Amino acid sequence: MSWAVEEWKEGLSPRVLQKIHELESQVDKLKKERQQRQYQFESLEAALQKQKQKVENEKSESAILKRENQSLMELCDSLEKAKQKISHDLQVKESQVNIQSGQLNSSKKDIERLEQELKR
């Protein structure tokens, strides 16, 4: 088959044949270079797609974390309000206990006084 490809070169001068050979070598070299660049391009394209997927995954994870963070902040606010309410309720009850304790002490003194009067 190569003899058919080479047939058109018959009768050409050695100088022209040399130039054709140089051009064919240059074409082969350029084909190999193009294949290498195509491979590099495909590799870079694959790496780019991988990075894009990674970025998308990170964006998705970031959105999930932001929602979770917002939810936790709302929960903290809710717990803080509940703590403040409980603290207030405790202060009110302590105040009531102090009042009742004072009333109890006053009643005890009244009872002691009345008992002393009874003994007389």
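Could you give me the radius of gyration and the Dmax of region 11-119, taking only the C-alpha atoms into account and expressing both in angstrom?
Expressed in Å, the Cα Rg and Dmax of region 11-119 come to 46.0, 156.
Using 1/(1 + (r/R0)^6) with R0 = 35 angstrom and r between the beta carbons of Q35 and L65, what's the FRET efficiency to the nearest 0.05?
Working: r = 45 Å, r/R0 = 1.27.
With R0 = 35 Å, the Cβ-Cβ based efficiency is 0.20.
Which trypsin sites (Lys or Arg not before Pro) from region 1-90 combine a DSSP loop assignment with at most 16 other Cβ atoms within 10 Å? Let's see the in-between values first.
Numbers: sites: K9, R15, K19, K29, K31, K32, R34, R37, K50, K52, K54, K59, K66, R67, K81, K83, K85; in loops: K9.
Hits after loop and neighbour filter: K9.
Between E42 and L12, how high is the FRET efficiency from 1/(1 + (r/R0)^6) when r is the Cβ-Cβ distance and R₀ = 35 Å? Nearest 0.05. Could you put the intermediate results ahead of the total?
Details: r = 39 Å, r/R0 = 1.12.
So the FRET efficiency works out to roughly 0.35.
Between D110, D77, D89, which gets the highest mean-square fluctuation from a Gaussian network model of the chain, Cα cutoff 10 Å?
Judging by the Gaussian network model, the answer is D110.
Taking the Cα centre of the chain as origin, sum charge times position over the Cβ atoms of Lys and Arg (+1) and Asp and Glu (-1), and report the length of that vector in debye to the nearest 20. Numbers along the way, then the final one.
On the way: 23 positive and 22 negative charges, 96 e Å.
Rounded to the nearest 20 debye, it is 460 debye.
Each reported figure results from applying straightforward, stated rules to the coordinates on display, with no laboratory input. Source: prediction; values computed, not measured. Note that we place each Cβ from the backbone using ideal geometry, even for glycine, and neighbour counts take in every protein chain shown.
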